[in-house]
Every structure is written in C-alpha cells, then in structure tokens.
Amino acid sequence: MTSSPAADFVLEARGISKRFPGVLALDDVSLRVRRASCHALVGENGAGKSTLGKVLAGLLRQDAGQVLLEGKSVHFVGPLDAIHAGVGIVHQELSFCENLSVAENLFLDRPPARGPFVDRVEMERRARAWLQRIRLEIDPWHVVGDLSISQQQLAQVAGAVGRGAKVLIFDEPTSSLSLYETQVLFAQIRELLSQGVSCIYVSHRMDEVFELCDTVTVLRDGRVVETCAVADITRDDLIRMMIGCVIESRAAGRSAPLGPELLRVRNLSSPRRFSDVGFSVHEGEIVGLAGLVGAGRTEVALAIFGLDPLARGEVAVAGEVIEQRSPTAMMQLGVGLVPEDRKRHGLVLGMSAKENISLPVLDTLSRCGWVDGRAERELAERFFAMMSVKAPSLDATAAALSGGNQQKLVMAKWLAAQCRVLILDEPTRGVDVGAKAEIHALVHGMAEQARGVLVISSELPELLHLCERILVLRNGRLVGEVRADEATEEGLMRLMTGVETRSA
C-alpha cells in the first residue's frame with residue numbers, strides 16, 4: 001500500500017505489545033487509521049483483534065508501544081478518558097445498566113446537574129440531540145433492557161458520537177444481530193463515515209469486510225501479517241493471510257466400521273440462536289463442530305444438554321427420544337458436557353478436586369443419604385491418575401489448580417460418570433502444549449472405547465487432527481459437512497465465512 005502523509009491518519013498504534021499470564025496477545029503491532037475511513041481488523045479466533053481494540057479504547061494498557069491521536073501521543077487511563085479524547089468502542093457484549101433508561105445510561109459518567117441535583121430536563125434534551133444525530137428514533141426514557149440488541153448498540157454509538165468521537169471501534173458488532181438489524185447498523189456506519197468519523201471494524205466475516213471497509217489489517221498470533229486496501233485483494237487472499245501456510249494435522253483414517261448411533265439431533269432450533277440443526281454421532285466416532293464467533297456452536301451444545309428451555313426439536317440418545325430435556329435427564333442417559341467456561345460452569349472452585357470429580361456420581365457413592373468417603377476417594381484417585389492431574393493432593397481446592405489442570409479435572413469428572421456421549425466445548429482453550437496433547441489422546445481413547453464425542457473448537461488444526469467428520473455452522477445454520485481426511489483449513493474457513501455456500 002502506498003505511503004500517505006501523517007496528517008491523513010487520525011489514529012496510530014506503534015509497536016504495541018500486550019502480555020497476559022502465559023500468553024503474548026500482541027507482539028509489536030502497528031496500525032494507522034485514515035480519517036473518515038472504515039479499517040477492518042481481521043484474523044482467526046485468538047489472533048489479538050479484540051485485545052488491540054481494547055488497548056486503543058483505553059480498556060487495557062499496553063506493556064510497550066504508544067498510541068497517537070491526531071499525531072499526538074496519548075495515554076488513556078480508562079475508557080472514559082479515551083472517549084473524552086475522541087476514541088470510543090461498541091462492545092460485542094453490551095455493557096449498559098439494563099434497569100436504567102437510555103438517557104441515564106448515556107450520562108452515567110457526567111449527568112447534567114443543577115446545583116446538587118441531576119437536571120433531568122437538560123439530560124433529556126441532550127439525549128434527544130445525541131439520538132437524533134444518528135437518527136435513532138427511541139424515547140430517551142425507554143428502559144435499556146426493553147430495547148433490541150441493535151437498538152442498544154446504536155445507543156452506544158449515540159453516546160460516543162455525542163461526546164465527539166473521532167474514532168469508533170466496533171468489536172464483532174453483528175454477532176447477535178439479525179440480517180435486517182445488521183443492515184441498519186451498516187447504514188449508520190456509512191453515515192458516520194460521511195460525517196468524518198473513522199471506524200475500526202473488528203470481524204471474522206468476509207462479506208462484511210468487503211461491503212463496509214476500505215482498508216484491512218490481518219493479525220495472526222498477535223502479529224500484523226499485512227495491511228492492504230480491500231479493493232486490491234480477494235476473499236481467498238484474505239483467508240490465506242488469516243490462516244498462513246501451516247502444515248495441517250490430519251485425523252487418522254478409520255479402519256473399523258462405525259457402531260450404532262449414540263446421539264441423534266433433528267430439526268433443533270432456538271429463537272435468535274440457531275435453526276433447523278440436525279446430525280448424528282455414532283459409537284467410536286469423533287465429530288467436530290466448527291464456526292466463527294456467534295455462529296451458534298455453544299448454543300447448540302447447551303440445547304442438546306437441556307440447558308435451553310426455548311429449544312425445540314428432537315434429541316435422541318441410543319435411539320431413545322428425550323421428551324423433556326434437562327441436564328439431569330441427559331446425565332442419566334450417559335451424556336456429559338465439558339463447557340466452554342470451566343471456571344464458571346465446569347467446576348465448583350471452592351470445592352476440592354476429589355469432590356468435583358465425584359459430583360456427577362454422588363448417588364452411586366451414597367448410602368442412606370451419606371457419601372461413602374472411602375469409595376469417593378478411590379474413585380477420585382483412579383481418574384486423577386488417569387488424567388495426570390498435577391495438584392498437591394486430592395483435597396486441594398479446584399481454584400488452586402492451574403488452568404490446564406482445571407480442564408483435566410472437568411474431563412475427569414465426566415469420565416468418572418462413564419458417559420456414552422461427551423460434548424466438549426473448547427476442550428483445550430488456555431492449556432499448555434503438554435496438556436493439549438494429553439487431552440487429545442484422551443479423546444481418541446474414548447472413541448476407541450466405543451463412546452461418541454462431539455468436539456467444538458475454534459482451532460481448525462485441532463478439529464482436523466481429532467475428528468473424522470466436521471460440521472460447519474454459520475449464522476445459526478448447519479451449512480456444510482466434510483470428512484476431516486479430505487478437509488483443509490482454507491476449505492473450512494470458506495464455509496465458515498460464507499465464501500463457499502455448501503460443502504463439496
């Protein structure tokens with residue numbers, strides 16, 4: 001891309017680095033955003049896109065490097081400092097106080113006052129002016145929790161623009177929006193560009209990048225791969241930059257025929273989450289579920305396990321259709337779920353490792369309402385050793401273990417329950433290389449024991465290595481199914497992003 005005078009750029013990042021415990025999220029990242037332009041920031045899950053956005057918007061402080069706004073170095077101490085300077089962010093996960101009105105949310109930081117009292121008349125006047133500037137026709141006193149997701153996002157935009165934002169960062173803004181709501185947001189972004197506001201658009205979605213943006217920066221593993229004009233590249237070029245040229249791991253071919261069907265899903269739907277999903281998992285089979293952020297992967301897993309009361313459709317285990325799905329009913333039929341968030345949903349952090357392992361099978365360890373302590377310890381010791389959990393003792397609290405060992409503990413819990421079907425949602429997220437290899441070996445071992453495994457992962461090499469079939473979700477719908485020994489990362493990404501409409 002040809003160089004431009006520094007005056008053409010409203011925001012610059014120079015040599016930004018950011019480290020979290022055990023992870024270098026950003027490594028010497030530089031970025032320049034032109035005035036009144038829409039600059040895309042793309043990359044695979046975990047590439048560092050959202051981290052960079054948060055650094056630029058004052059939510060995180062970089063460990064090295066500097067941010068320049070209109071040519072002057074700035075040091076934001078927080079998001080309010082950033083927005084008052086002219087840099088705002090529209091979050092993927094909205095951060096309003098849902099019980100307050102739109103006006104009250106817009107002026108939480110600096111409510112207009114008359115003496116010691118809030119001036120509600122002035123608050124309404126300013127709120128109406130801000131909303132009208134982006135043509136959002138809602139009552140300023142409307143409770144935020146009663147608005148649609150798209151209206152809440154636009155209210156965030158109104159607050160940033162009203163405070164004089166020169167740059168707005170959109171972090172995966174369409175992940176929870178319908179097609180119509182997405183088009184409304186796009187129209188507003190174009191209006192902002194016409195008013196001289198610059199936008200940084202963080203997204204996985206190829207169609208959105210090519211529809212909205214004029215420049216794109218590709219991140220991979222926390223580093224900038226390339227910055228170029230969108231008009232100069234194709235979708236295939238962008239996908240190759242995102243993925244790189246890593247040699248892919250392949251799943252070993254199946255030498256034995258599949259066993260009977262263990263899990264059957266038919267016409268499974270949930271309002272605003274996913275629609276008409278159907279697939280099967282057989283004995284001895286590992287099936288992958290791929291998709292971008294917001295595609296509906298986790299939501300499908302929760303619905304199968306009985307955690308979505310709005311879900312409708314058929315789920316059968318070993319031929320038995322479950323009419324009233326609940327976690328208890330699914331566990332009784334031999335289905336387990338290793339959730340995406342092990343700390344919040346996979347473990348009771350204040351309990352010991354031993355107690356966490358025995359939780360799903362306490363009924364088999366109890367007599368007359370009392371837990372058999374010796375049987376519980378023997379069970380825990382067996383699966384502790386099987387998973388090679390590193391901890392001072394079985395009585396150590398789950399909170400005291402490292403992330404990798406916490407993940408092993410969640411796996412041990414469901415192994416102890418002797419699950420016939422195990423759903424794994426991001427089973428190796430945040431674990432080290434050694435723990436990842438051990439978990440992969442365990443998953444292959446489960447298949448060899450004639451169990452069925454459904455693996456959800458954002459890491460395409462992991463799915464290619466583990467699975468025999470990979471299902472692809474996009475925007476809540478199943479759009480493709482490929483054999484892992486015939487698949488490539490690029491081919492999967494094409495399905496995930498909509499470049500391909502169906503599998504070959």
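The values are calculated or read from the model by the stated rules, or taken from the named source; none is laboratory data. Please read all numbers here as calculations on a predicted model, not as lab measurements. Ideal geometry is used to build each Cβ from the backbone, glycine not excepted, and the neighbour counts take in all protein chains shown.
Details
- Residue count for the range 330-354 satisfying the condition of being aliphatic (A, V, I, L, M), more than 12 Å from Val317 (Cα to Cα) and assigned to a loop (DSSP other than H, G, I, E, B): 4.
- Flag for Thr215 being modelled with pLDDT of 95 or more and crowded, with 16+ Cβ neighbours inside 10 Å: yes
- Residue within the range 360-370 that is under 30 Å from the mean Cα position of the chain (by Cα) and either closer than 12 Å to Ala416 by Cβ or among the aliphatic types (A, V, I, L, M) (or both) present: yes
- Filter pass, Ala353 being assigned by TED's automatic domain parsing to the domain that holds Met386 and surrounded by 16 or more Cβ atoms within 10 Å (Cβ to Cβ): yes
- The lone criterion from (1) under 25 Å from Leu262 (Cα atoms); (2) modelled with pLDDT of 85 or more left unmet by Leu379 is number (1).
- Residue ID - surrounded by the fewest Cβ atoms within 10 Å (Cβ to Cβ), chosen from residues in the range 32-63 that are charged (D, E, K, R) and part of a strand (DSSP E or B): Arg34
- Cross-chain or 6+ apart pairs with Cβ under 6 Å, the range 304-321 first and assigned by TED's automatic domain parsing to the domain that holds Arg273, then of a type in the set (Ser, Thr, Tyr): Gly306/Ser326; Asp308/Ser270; Leu310/Ser270; Ala311/Ser270; Arg312/Ser269; Gly313/Ser269
- In summary, helices (runs of 4 or more DSSP H) completely within the range 64-156 and bearing 2 or more residues that are under 29 Å from the mean Cα position of the chain (by Cα) and touching a residue at least 24 places away in the same chain (Cβ under 8 Å) occur at 79-85, 102-106.
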